[in-house]
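Undergrad: Sharing a structure with you now.
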Amino acid sequence: MNFRDKLPIYYIAAASLYAVAGMGLGLYMHLTHWKRPIPFHGHLDSVGWLSLAVVGIVLHIFPWARDHKLALLQFVLLQVGSFLMLGGLPLVILGITNIPVTVGALMVPTGFVVFSVIIISGVFRK
């Protein structure tokens, strides 16, 4: 099995880690009544868990999408961008820096534009 064949697994694996982190943070917030990291918790669940899981499922259902020439670019943009954005949110919450979040916030939407190009081009493939 080559790297492209494993792309759905990599997306689902990353999504599962973000799900555990997001739910763990949510539980901690509930138990301590600490509500400051709500944006971090929400992004962990929506971008990290939900979005990456959906991409993994789509790539599993449509194998031609993971063979597209832009699939590796999409993977880098979404995985690195998610890590920077989500990993950088605590730095923003603590008032340290917003640079990782800014870079990640540019990479993730760009990754989804690439994802859209891949999927839409598949509609018109022969």
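The values are calculated or read from the model by the stated rules, or taken from the named source; none is laboratory data. For clarity, every value in this text was computed on a predicted model and none was experimentally measured. Please note: Cβ atoms are built from the backbone with ideal geometry, for glycine as well, and neighbour counts cover all protein chains shown.
Undergrad: Residues being part of a helix (DSSP H, G or I) and either at pLDDT 90 or above or among the charged types (D, E, K, R) (or both): count how many of those fall in region 84-121.
TA: Total satisfying the criteria: 24.
Undergrad: Taking the residues in region 21-31 that are surrounded by 13 or more Cβ atoms within 10 Å (Cβ to Cβ) and aliphatic (A, V, I, L, M) as candidates, determine which candidate is farthest from Leu52 (Cα to Cα).
TA: Going through the qualifying residues, I end up with Met29.
Undergrad: Out of the residues in region 29-69 meeting the condition of being in a helix (DSSP H, G or I), farther than 17 Å from Ala15 by Cβ and out of contact with any helix residue (DSSP H, G or I) (no Cβ under 7 Å at 6 or more places or on another chain), tell me which one is modelled with the lowest pLDDT.
TA: Result: Ile38.
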